[in-house]
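The values are calculated or read from the model by the stated rules, or taken from the named source; none is laboratory data. All values derive from a computational prediction rather than experimental measurement. Here the Cβ positions follow ideal geometry from the backbone for every residue, glycine too, while neighbour counts run over all protein chains shown.
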Amino acid sequence: MTRYISILLTFARACLVRDMTFRANFVLECVTSLGWMAMNLAFYLLVFTFTPEIGLGTGWTKEPFFAFVATGLIINSIVQALFMPSAEELTEMVRTGGLDGILVQPLDAQFLLSMHRVDFSAFANGLVGVGLLAWAIPRLPQPPHPVAILLFPLLVVCGVAILYSLVIMLAAATIHLGRNQSLYDFWFYLTNFSRYPAEIYSGPWGGPLRALCTFVIPILLVVNVPARVIAQPLTGQGGIMMAGTVFAAAAALVISRWVFQSALSKYRSASS
Amino acid sequence: MHNSSQPRTNAPSAAGEPVIEVRGLAKEYRVFDKPEGLLASVTGLFNRKSRVVEALRGVDLQVEKGEFVAMLGPNGAGKTTFLKLLSGIITPTRGTATVLGSVPWERTDDFRRRFALVMGQRNQLWWDLPAAESFRLHKEIYRIDTPRFERTRDELVDLLDVRKLLLRPVRDLSLGERMKLELVAALLHEPEVLFLDEPTIGLDVVAQHSLHRFLAHVQAERQMTVILTTHYMKDVAALCKRLVVVTEGSILYDGSLEQIVDRFTSHKIVTLDLDAPPDPAAIDRLGFPCEIRGPQVILRIDRTRIADVLPGILRGQGVRDVSVEDVPLEEIVAEMFRSGSTAGTNGATGAPR
């Protein structure tokens, strides 16, 4: 474990050195990312000029909702920074045969392939998320319970694990298909569902969609459960959701590991 | 895929022990033919035609510790597929293989720490970073302790004279410089087995020569077992005593460089430098296949008759100089590729080693 952490830090260091080599690109990426996030926040502020709450009686008033958005920013920035760059690169590596070089190295291939690139500019959104959470927490209708503050990081890790598993399974599809340039697009469409409180998915269409995104592809648990823990009072149903999230994260990791290993065993390697 | 009764020792191999053992190794790929034209492309979405390509057809090979084996073959012969199987990158369709006592495609860390693969057409160093950063990463991945890492790196870097390149981004280096640094990276963990896939491809003569000297030195010093795939006879002649010729996924010849000449040619090349251009009819009368280039005559004479006929030829033609040589290796191998000769096929190998 220590060795893997040490290697991860070495990767991170190498990526930072590379990012600093192309400083203008790094700054531009940060600015683009922050700009997109600022537009989203402005949009949510606009929504709250029309309504005091997202869904009547849901508890997602302005400050809790911004705690929700902050949680999403933190989780997404971790995934975008640590895993997405490597997963996106995998497509090219499979097509060109670059994956060969990874498979001969004495390390877990999934670790190498999913974490060898770190995008430091993606942490910018996460830092804003931390700031936004720090702003929202003192303004919540009910201050979070100390247990909730302890559970929050654990549930954030679970959310990251679920998203990581999805990334890895999409990347594994690349190995089967030989080329999968829609990886990022598909990821964006899928994670779009996790950006809003689960309560908005109701009615004849929303209900089944909510069930699908909770029990089949547990994307709705990713942000909703940690955000609810920090922004709303702890309840018995919340406890079930927390246990479900921990279970979903563990199951997602196991399934994605199996899918990835199975894909690797069928790797054909590109002709040289 | 592999026979579980295979020997599975991971102890260092002693000289003379087989380090690589391959039995009936075969690899088949299913490929889809892409039809020409828009309509055919659309139809092909629903009804694709596929066929099986045999990249390797049941190869047997045994390589002992410290051997430097060249694998020669035309494009698509199966050389790279063979190295990918031995490196564990892909799994075979049939057959067994052990390298250093391990089944390669099980990809155990212990096995992967003991070999290295260098591919001339693939870059394994970080493109945007100086090679020194890739070396540092390599040190962590292969768990090389700092004193050993520094000693090995310095030794390799000095041998190849690339110290001044270590801090330059890899993307700014020439192909030759990059290949030298790829080799340093591959050898940092002091592998017992080295697979080289066309390492000199695209390199100029100076860079090729420099790599030859380096590889010969390091291999001899470390008693490393090396398999080199190449298209260049220069690589083979400079580095290897043993040659394996592969075409269409099968081994045509496996033996010493010297014996390939004995086995696959029946004649020698006799070159005569004459005082003046000869009378073609007089040369024809000698009764050997010949080529006349001004005052120079090139004869192909049966090797068993050289001693008998040469004195007569030298007496009658105003010869200023004469040389008797074997048929060039390139010519022999090219002929083997063309004819797809089955002489010495897979196991019917050449010289004792």
* Go through the residues of segment B:73-82 one by one and say whether even a single one is aliphatic (A, V, I, L, M), out of contact with any His (no Cβ under 8 Å at 6 or more places or on another chain) and closer than 25 Å to residue B:331 by Cα. => yes
* So residue B:111 clears everything in (1) part of a helix (DSSP H, G or I); (2) more than 12 Å from every other protein chain (Cβ to nearest Cβ); (3) touching a residue at least 60 places away in the same chain (Cβ under 8 Å) except one condition, right? Which one? -> (2)
* Are any residues in segment A:184-227 within 16 Å of residue A:58 (Cβ to Cβ) and under 13 Å from the mean Cα position of the chain (by Cα), and if so, which ones? -> A:195, A:220, A:223, A:224
* **Residues located in segment B:231-266, provided they are among the aliphatic types (A, V, I, L, M) and in a helix (DSSP H, G or I)** => B:233, B:236, B:237, B:238, B:239, B:257, B:260, B:261
* Asked: Would you say residue A:214 is away from every other protein chain (no Cβ under 14 Å) and within 30 Å of residue A:109 (Cα to Cα)?
  -> yes
* Asked: What are the residues in segment A:1-25 that are more than 8 Å from chain B (Cβ to nearest Cβ), surrounded by 17 or more Cβ atoms within 10 Å (Cβ to Cβ) and at pLDDT below 85, if any?
  -> A:19
* Asked: Does segment A:95-103 contain at least one residue that is in contact with a helix residue (DSSP H, G or I) (Cβ under 7 Å, 6 or more places away or on another chain) and away from chain B (no Cβ under 14 Å)?
  -> no
* Structure fact -> Of B:208, B:219, the only residue that is in contact with a helix residue (DSSP H, G or I) (Cβ under 9 Å, 6 or more places away or on another chain), at pLDDT below 90, more than 18 Å from residue B:141 (Cβ to Cβ) and not basic (Lys, Arg) is B:208
* To do: Would you please name the residue that is modelled with the lowest pLDDT, looking only at residues in segment A:60-86 that are over 14 Å from residue A:224 (Cβ atoms) and over 13 Å from the mean Cα position of the chain (by Cα)?
  => A:86
* Could you list all residues from segment B:70-86 that are of a type in the set (Gly, Ala, Ser) and within 10 Å of another protein chain (Cβ to nearest Cβ)? => B:76
* Asked: Are any of the residues in segment B:202-225 within 14 Å of another protein chain (Cβ to nearest Cβ) and within 22 Å of residue B:70 (Cα to Cα)?
  -> yes
* Can you tell me which residue within segment B:268-315, out of those that are among the β-branched types (Val, Ile, Thr) and part of a strand (DSSP E or B), is nearest to residue B:326 (Cα to Cα)? => B:269
* Evaluate the following for residue A:112: is it of a type outside the set (Phe, Trp, Tyr) and under 20 Å from residue A:160 (Cα atoms)? => yes
* Asked: Would you pick out the residues in segment A:32-47 that are of a type outside the set (S, T, N, Q) and either within 20 Å of the chain's Cα centre (by Cα) or within 14 Å of another protein chain (Cβ to nearest Cβ) (or both)?
  -> A:34, A:35, A:36, A:37, A:38, A:39, A:41
* Asked: Can you tell me which of B:99, B:103 is in contact with a His (Cβ under 6 Å, 6 or more places away or on another chain) and either modelled with pLDDT of 95 or more or facing chain A (nearest Cβ under 9 Å) (or both)?
  -> B:103
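Rundown of residues vs (1) without any contact (Cβ under 8 Å) to a residue 40 or more places away in the chain; (2) surrounded by 14 or more Cβ atoms within 10 Å (Cβ to Cβ), yes/no style:
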site	(1), (2)
B:260	no, yes
B:271	no, yes
B:276	no, no
B:279	yes, no
B:282	yes, no
B:287	yes, no
B:309	yes, yes
B:312	yes, no
B:318	no, no
* To do: Could you tell me whether segment A:204-225 includes any residue that is modelled with pLDDT of 85 or more and not in a helix (DSSP H, G or I)?
  => yes
* To do: Check whether at least one residue in segment B:63-71 is within 21 Å of residue B:229 (Cα to Cα) and either of a type in the set (Lys, Arg) or touching a Gly at 6+ places or on another chain (Cβ under 8 Å) (or both), and report yes or no.
  => yes
* Asked: Within segment A:181-235, how many residues are buried (at least 21 other Cβ atoms within 10 Å of the Cβ), among the basic types (Lys, Arg) and closer than 30 Å to residue A:92 by Cα?
  -> 0
* Structure fact -> When (1) within 30 Å of residue B:245 (Cα to Cα); (2) touching a helix residue (DSSP H, G or I) at 6+ places or on another chain (Cβ under 7 Å); (3) facing chain A (nearest Cβ under 8 Å); (4) not acidic (Asp, Glu) are applied to residue B:118, the one that fails is (3)
* segment B:133-156 residues that are within 8 Å of chain A (Cβ to nearest Cβ) and under 17 Å from residue A:14 (Cα atoms), paired with ones that are of a type in the set (S, T, N, Q) and part of a loop (DSSP other than H, G, I, E, B) (beta carbon under 7 Å, 6 or more apart) -> B:141/A:105
